[in-house]
1. Would you please list the contacts, defined by Cβ atoms under 7 Å and residues six or more apart or on different chains, that run from a residue in region 96-115 that is over 25 Å from ALA11 (Cα atoms) to a residue that is assigned to a helix (DSSP H, G or I)?
2. Need at least 2 residues that are loosely packed, with under 14 Cβ neighbours inside 10 Å, in contact with a strand residue (DSSP E or B) (Cβ under 7 Å, 6 or more places away or on another chain) and not β-branched (Val, Ile, Thr) per element, so show me which helices (runs of 4 or more DSSP H) inside region 1-103 make the cut, counting only ones lying wholly within it.
3. Could you check how many residues of region 47-71 are out of contact with any Asp or Glu (no Cβ under 8 Å at 6 or more places or on another chain) and closer than 14 Å to ALA2 by Cβ?
4. Does region 113-123 include one or more residues that are under 20 Å from the mean Cα position of the chain (by Cα), surrounded by 11 or more Cβ atoms within 10 Å (Cβ to Cβ), within 24 Å of SER45 (Cα to Cα) and hydroxyl-bearing (Ser, Thr, Tyr)?
5. List the pairs whose first member sits in region 27-41 and is free of Cβ contacts under 8 Å to residues at least 40 places away in the same chain, whose second member is among the acidic types (Asp, Glu) and surrounded by 12 or more Cβ atoms within 10 Å (Cβ to Cβ), and whose Cβ atoms are under 8 Å apart, counting only residues at least 6 apart or on separate chains?
Amino acid sequence: MAIHSTTDGLALGIGREIHAATAAKWSLFLALCIHKFPEGFALGSLLIGAGFARLVTVGWVAATEATTLLGGAIGFFFLANASTFWLGLIMAHVGGGFIYLAAHAILGEMMKHGKGLVVTSFFAGFALIGALNICLRMLLP
C-alpha cells in the first residue's frame, strides 16, 4: 500500500512539469486527493478488522498515506529537469498501476456480488469523474 501511495505522490509531484492546461493539472490533483479518503478508510477498516487498536490503526494509516508526500517530494525535486519522455513514461506507469488495481477490484467484487451492481457502480463512478473533469475545464481554462 505504501508503494501505491508513493506512486500517487509521484504523479502529483511530476504533474506540475506536464505541459497541460490549468484544468488538467487541477483535475489530477483533485482526483488523487479525493482518492486518498476511501483508500485510508479501507486500510483502516482492514486493520481494525484484523484486531489492531484504533490508535495503532490511525498511526499505520497515517504512516502509509504519508508516503504520498515522499512520492511528491521525489517528483517535485528529483524529476524537475527530467525530459518529457521520462515524465510521460512515469505517468504511464502510474496510470497503468491504477488501471490494474481498478480491474482487480472490479473483478473481485463481481465474483462476490454479481455483475449488475458492480458494472453499474463502475460506470456511475466513471461518469461522475468525467462530469467533474468537464466542469473543471469549464471553470479553469
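None of the figures in this text is laboratory data; all of them are computed from the coordinates on show. As the structure is a computational prediction, the values presented were derived from the model and not from experiment. Heads up, the Cβs are rebuilt from the backbone with ideal geometry, glycines too, and the neighbour counts pull from every protein chain shown.
1. GLU109/VAL118; MET110/VAL118
2. none
3. Matching residues across region 47-71 total 11.
4. yes
5. Note: pairs meeting the criteria are LEU32/ASP8; HIS35/ASP8; LYS36/ASP8; LYS36/GLU65; GLU39/GLU65; GLY40/GLU65.
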